[in-house]
Amino acid sequence: MFSIQKPLCTKPLFLLFLACFAIIVNCEAQQDQSNKIEALLDKAVTLHQFNGTALVTKKGKVLFEKAYGYQNVAEKIPNTSNTVYQIGSTTKQFTAVVVLKLAEQKKLSLQDKLSHYFPNFKASHTITIQQLLSHTSGIYEIFRSPDFYQLDKSMPVSKEKLMSFYLTRPLDFAPGTQFNYCNSGYHLLGQIIEKVTGKPYERVVRELVLEPLKMNHSGFAFTQLNNAHEATGYSKFAKDNQMPTAAWDSTATYLAGAMYSTAHDLFLWH
């Protein structure tokens, strides 16, 4: 008599092999994607088309992160993952979410008329908060104003001064009938946030977004930041011609473009 002993755990071993194989294939695919991203950015840097910090994610995981060039060319200070940049109009995303949070809290309605907050603006009874958010209000774009361009934006400017550049102008179109990217509308949203909450807009953004997400390297007042990682802005960045430009005071852009942040903080936001 004899017996044949059957192998034990064949199926679990096979499944373990498949799992390890899948992990290896996935890692190789991610490395291939990372290599392609790096090659693309290396080329852009060679052509002087990119200077900054790149962070690429996929399904919530960091796929690629690398800093390129200098946060200050004259002093040869390189960019790092901690470099702090003015993020310009990306600020509008935060403004929009704060407005939506306030609507969620029943502190305002997206259908509120602008006249509820600015009764002296002659067309305000036809414009809603939703139209300000979606760039369909028809309000004159402040960046088209010659007087605004002549303004020294490195210095503080009052809300009233900013409003004078667009609220006296006729509407470009009837509200809700067209789309036209409009910084002016986001200036007004910033003031609506302050009127509704009774707080400075910076504090409201911090309380509703930055603090809950632990975005500890983001904020306002870039010109007063005094941070070793603060990036210098450049109006020209060619091989033999780097022209630094003065940072804009946060009051000059208000909640249309006042924030600063880092690549990692923006990943937390995303």
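The values are calculated or read from the model by the stated rules, or taken from the named source; none is laboratory data. The structure displayed is predicted, hence computed values, not measured ones. Note: ideal-geometry Cβ built from the backbone for every residue, glycine included; neighbour counts use all protein chains shown. The accessibility values were calculated without ligands, DNA or RNA, using every heavy atom of the protein model including side chains. Shrake-Rupley method; radii C 1.70, N 1.55, O 1.52, S 1.80 Å.
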The one condition residue 84 fails out of (1) surrounded by fewer than 15 Cβ atoms within 10 Å (Cβ to Cβ); (2) within 18 Å of residue 206 (Cα to Cα); (3) among the β-branched types (Val, Ile, Thr) is (1)
Could you tell me whether any residue of region 233-243 is in a loop (DSSP other than H, G, I, E, B), out of contact with any Asp or Glu (no Cβ under 6 Å at 6 or more places or on another chain) and surrounded by fewer than 17 Cβ atoms within 10 Å (Cβ to Cβ)?
yes
Cβ pairs under 9 Å, 6+ apart or interchain, first in region 215-241 and without any contact (Cβ under 8 Å) to a residue 40 or more places away in the chain, second assigned to a helix (DSSP H, G or I) and open to solvent by 50 Å² or more (accessible area, probe 1.4 Å), ordered by first then second residue, are 221/202
Region 261-270, residues that are open to solvent by less than 20 Å² (accessible area, probe 1.4 Å) and not in a helix (DSSP H, G or I)
261, 262
It is to be established whether one or more residues within region 230-239 are touching a Phe, Trp or Tyr at 6+ places or on another chain (Cβ under 6 Å) and closer than 23 Å to residue 74 by Cα.
yes
Within region 244-260, considering residues that are open to solvent by 20 Å² or more (accessible area, probe 1.4 Å) and part of a loop (DSSP other than H, G, I, E, B), the one farthest from residue 190 (Cα to Cα):
246
Just checking: which of the helices (runs of 4 or more DSSP H) contained wholly in region 149-216 hold 2 or more residues that are surrounded by 14 or more Cβ atoms within 10 Å (Cβ to Cβ) and within 18 Å of the chain's Cα centre (by Cα)?
183-197, 201-205
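Restricting to region 97-118, count the residues that are hydrophobic (A, V, I, L, M, F, W, C), in contact (Cβ under 8 Å) with a residue 40 or more places away in the chain and outside any loop (DSSP other than H, G, I, E, B). Write out each step before concluding.
From region 97-118, those hydrophobic (A, V, I, L, M, F, W, C) are 97-100, 102-103, 108, 110, 114, 118; that's our starting set.
Next cut, in contact (Cβ under 8 Å) with a residue 40 or more places away in the chain only: 97-99, 102, 108, 114, 118.
Now narrow it down to the ones that are outside any loop (DSSP other than H, G, I, E, B): 97-99, 102, 114.
Of the residues in that region, 5 qualify.
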